[in-house]
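For reference, the structure is listed below as structure tokens.
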Amino acid sequence: MKFWLLTSIFALNTLATEQVDYFNEYANKTYRAHTNTITYHLIRSPYGVDWSNKTSNVILKLAMNKYFFPETKRNLGHVTVELNCQDKNGEDIRIITGQGAKSTQQLTQALTKDGYGLTLLNRPTSHPNLPLITTQGNFEDENDLIPEFNQYLKEEYVYRNLPGPRRNGRMREVLKKKHFNTMAFLSYKISPTQCTKMIDFYRKYKSVTEQTKDTKNPKAGNVYGFGAEPTKFQGAGCATYAEAFFQVAGLSNQFQFYQTVHASKELVGDPKNGRRVSLQKLLSSSEKISKKEKDNITFKFPDPDLMHEYVQEINKAPNRFDNVLDYGNFGKKAKYAIIDLTAMEIKE
């Protein structure tokens, strides 16, 4: 009898959790209550990436994020974009979009086998003499993303014995601790004009993606690369794609989630011009890549983990930050924060 009862409870609980759309439920209760917003959906990397020390630390963390029982498939973290805007007729427009890669295997090979080293991080707008490294892109939409979000936000419970001496086999329901703070949500309330500019950029990026799919010269969402420039429709990394929405709306100075790496030429490869960086060199180098030295090459790139951390800091001490409109729990496993940029003087 007890076995049948526990089995029934487990089956009913599993069915209930599978049917709940946690993401949309909590989004409607939080940032979607405000009009004209851009929201970044943030997935942190499983163990982080240490850009403050030696390249061996970077490679170790990348390996852990991919192979050491990671809770997500996002080895470097991930950020996607949601626009909630009103058009001139007062109609609501919602767009959920992201830039991913079909596979990161080619990028891993560029770093560890092909001899490119830290050139993997290059944006040719900063270093036009160095190559741009890309792979096949995956232009993501809500059908790709919402099931993944719900996986991380899902409130699964287990049944455990009550503490202390057992009393007639009584049990309690306990929330499983898997995926706590895997996600975070960072929203900005913006002007209608800025929201419109972001929508126009998305529509153009999507159009170029569709027009160049399966061609000899793929562009936009068909190309993934850390240094590809999305505003030029070269392609993008997930974070440079997120950054581009602020750029097209004249909000670049409000996007400050960058890692900076300083490297000597010994760590910066260009195999086609005879300069290779071996994996052994990356693992044995004593350079501290966060410290700028004379003649170093500097790479600067946006980082989803920094954006995720920013949401946590706002929730811990909101009074330290300007123009915080709202913050708190996004369900039981994530945090959110909303920043009001309409209260600031920003040149569009």
Give the Debye-formula value of log10 I(q)/I(0) at each listed q (0.07, 0.09 Å⁻¹), with one equal scatterer per alpha carbon of the chain, two decimals each. -0.35, -0.56
Once the Cβ-Cβ distance between THR231 and GLN19 is put in as r, and R0 is 30 Å, what FRET efficiency do you end up with, to the nearest 0.05? 0.15
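For the chain, what is the calculated [θ] at 222 nm in deg cm²/dmol (nearest 500), taking -39500 (n - 2.57) for each run of four or more DSSP H residues and dividing by its residue count?
Numbers: 9 runs with 110 residues, N = 348.
Rounded to the nearest 500, the figure is -10000 deg cm²/dmol.
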Of the beta bridges DSSP finds with both residues in the chain, what % are antiparallel, to the nearest 5? 85
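Give the residue list of chymotrypsin sites (Phe, Trp or Tyr not before Pro) in segment 28-107 that are DSSP loop and have at most 12 other beta-carbon atoms within 10 angstrom. Each step should come with its number before you reach the end.
Numbers: sites: TYR31, TYR40, TYR47, TRP51, TYR67, PHE68; in loops: TYR47, TRP51, PHE68.
Qualifying residues, ordered by number: PHE68.
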Are there cysteines in the chain with no other Cys C-beta under 4.7 Å, and if so, which? CYS238
Net charge of Cβ neighbours under 12 Å - reference TYR241; Lys, Arg +1; Asp, Glu -1: -2
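Which of rounded, prolate or oblate describes segment 23-162 when judged by the alpha-carbon gyration tensor and an a/c cut-off of 1.5?
oblate
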Let me spell out the model: positive unit charges on the Cβ of Lys and Arg, negative unit charges on the Cβ of Asp and Glu, origin at the Cα centre of segment 2-340. What dipole size does that give, in debye rounded to 20? 1120
Fully extended, how many nm does the chain gain between GLN211 and PHE180 (0.36 nm per residue separation, minus their Cα-Cα distance)? 7.2 nm
Spin-label model distance (nm) - SER252 vs ASN28, 7 Å beyond Cα toward Cβ: 4.0
Rounded to whole angstrom, the alpha-carbon centroid of segment 272-344 lies from that of segment 110-147 at a distance of 17
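Read-outs: derived from the displayed coordinates by stated rules, not from any lab. Since this is a predicted model, take the numbers as computed values, not measurements. Here the Cβ is made from the backbone with ideal geometry for all residues, glycine too, and neighbour counts use every protein chain on show.
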